[in-house]
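Just so it is clear, none of the values below were taken in a lab; they were calculated from the coordinates. This structure is a prediction, so every number in the text was calculated from the model and none was measured. All Cβ positions, even for glycine, are placed from backbone atoms using ideal geometry, and neighbour counts span all protein chains on display.
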Amino acid sequence: MDNHASLTNLPDSAEAHAHAPGGEEHSHPTWSTYWKVAVILTLITVGEVWAYYVPSFVAGRGFVPTLLFLSALKFAIVVMFYMHLKYDHRLFRVLFTGPLLIAGLTLLALMFLFGHLYIKM
Amino acid sequence: MSAPATHAPAPHHYTTLGLDSRKVAIWAFIGSECMLFVSLISTYLIYKGRSVIGPFPHEAWTDPATGHTLRPILNIPVTSASTFVLLMSSLFMVLALAAVQNKNLPKRTRGERILGSSKLWLLMTAIAGTTFLGFQAYEFTSFVHEGLSIRTNLFGSSFFTLTGFHGAHVTAGVLWLLTLLAIDYRRGLGPRDALLVDIAALYWHFVDVVWIAIFTLVYLIK
C-alpha cells in the first residue's frame, strides 16, 4: 500500500472520524469533487439571476417553478456533498429531513390558510 | 480516599449506535433551526404583496403625500455577489475540514501545502462570512436611507426580521470560525480535532443553505 498517497486524491475522512463501530461507512468526496460542486453551485446561481433579468421568462408560467427547482437543487447539493449527508449515518438524515419535512408541510399549510395559495371554503 | 485529579481530556461520548453524541446534537439543533427559519420564511411569504405603503421589493411606488417615486428597493446585483461569496465560503469550509483531517499526511507539492493549510481555509471562510455581513450592512443601510425600515410596512418588518436573523447566525458562525482559527494558531488543529471542525462546518453549511432559500424566495421571485 502506498503510504504517501497524494493529498489531493485522499478521501475526505470526516465520517471515518465520526463513525465509531456500528456506524455506516462509505466512500467520501475528494477535493476535486468539492471544487466541481462549487462550480455547479455557481453556475446554477448565475442561471437563476439570468432568469430574473429575462422579462418574457419572468412573465411566463415557468418562472417560479424553475427558480424553486433550482433553489431546491442547490439546497440538496450542499446538504449531500458539503454536509456529507449523502455519506453519513441514516440517523443524521432522519434528524435533518424529519424536521425539514414537518417545516415544509407547515409552510404549505400556512400558505393555503393565509398566503397566496388561499382557498375559499 | 478520593481519586487523584486528572487533566486528561474527557472521553468521547458515543450513542448506542456508535455515533458521537456531539454530532447527533448538532444535527438535532440544525433540524430545530430548520423549523425556526421556515416559520420566518412563512411569515414573509404570507405578508408578501400585502404592504399598503411602499417602498416595495420589486415594484416602484409613488408616495401620494410627497409625490416622490421610490424605485424597487431590492438590489439584485449586490445580493447576487453576496450570495456568491457565501457559496464560496462553504467551499473554503470543506477545504478547512479536509485540511484538519489530513494534517498528518506529507505535503510534497506547493499545491498540497496550500490545500493542507487549515489556517488558510479557516481564515478564508471567516473573511468570506465577514464580507457577506458587510454586504448585508450595506443593504440594510441603503434601505433605511431609501425610506424602508422595520416599522415602515409589512414587507420591511418581515424582511428585516428574516434576513436579520440570518445575519445573526452568520455572525455567530464567524465568531465560531475565529475561535477555531485561534486554537489552530495556539496549538494546531489535527485529525483528533476533526469532529470539532466538522460540527462548526455543519453549522456553517446550514447557514449557507438557508440563504439559498432566502435568495430565491425573497429576492428573485417577484
Please compute P(r) over all alpha-carbon pairs of the range A:30-113, binned at 10 Å starting from zero, and give each bin as a whole-number percent. 15, 34, 34, 16, 2
Inter-site label distance for B:Ala168 and A:Ser56 at 7 Å from Cα along Cβ, in nm: 4.6 nm
Length-normalised contact order of chain B in % [C-alpha pairs under 8 Å, at least 6 apart]: 26 percent
C-alpha center-to-center spacing [the range B:59-135, the range A:75-121] in angstrom: 24 Å
Correct semi-axes for the range B:109-213, from √(5λ) of the alpha-carbon gyration tensor and rounded to whole Å with the largest first, are 34, 14, 11
Please compute the modelled spin-label separation between B:Lys222 and A:Trp35, points set 7 Å along Cα→Cβ, answer in nm with one decimal. 3.9 nm
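Could you sort the peptides B:202-210, A:77-85, B:148-156, A:52-60 by per-residue average Cβ neighbour count (10 Å cutoff), highest mean leading?
Listed from highest to lowest mean packing, they are B:202-210, A:77-85, B:148-156, A:52-60.
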What does the structure give for B:166-179 when I average, per residue, the other chain Cβ atoms found within 10 Å of the residue Cβ? 0
Residue order, fewest to most surrounding Cβ atoms within 10 angstrom, among B:Trp61, A:Trp31, B:Trp27: B:Trp61, A:Trp31, B:Trp27
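Using Cβ contacts closer than 10 Å as the measure, can you line up B:Ser80, B:Ser158 from fewest to most?
B:Ser80, B:Ser158
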Inter-chain shielding of B:16-25 (mean C-beta neighbours from other protein chains, 10 Å cut-off): 5
With respect to the cross-link table entries A:Lys86/B:Lys103; B:Lys23/B:Lys48; A:Lys36/B:Lys107; B:Lys23/B:Lys107, which display a Cα-Cα separation exceeding 27 Å? B:Lys23/B:Lys48; B:Lys23/B:Lys107
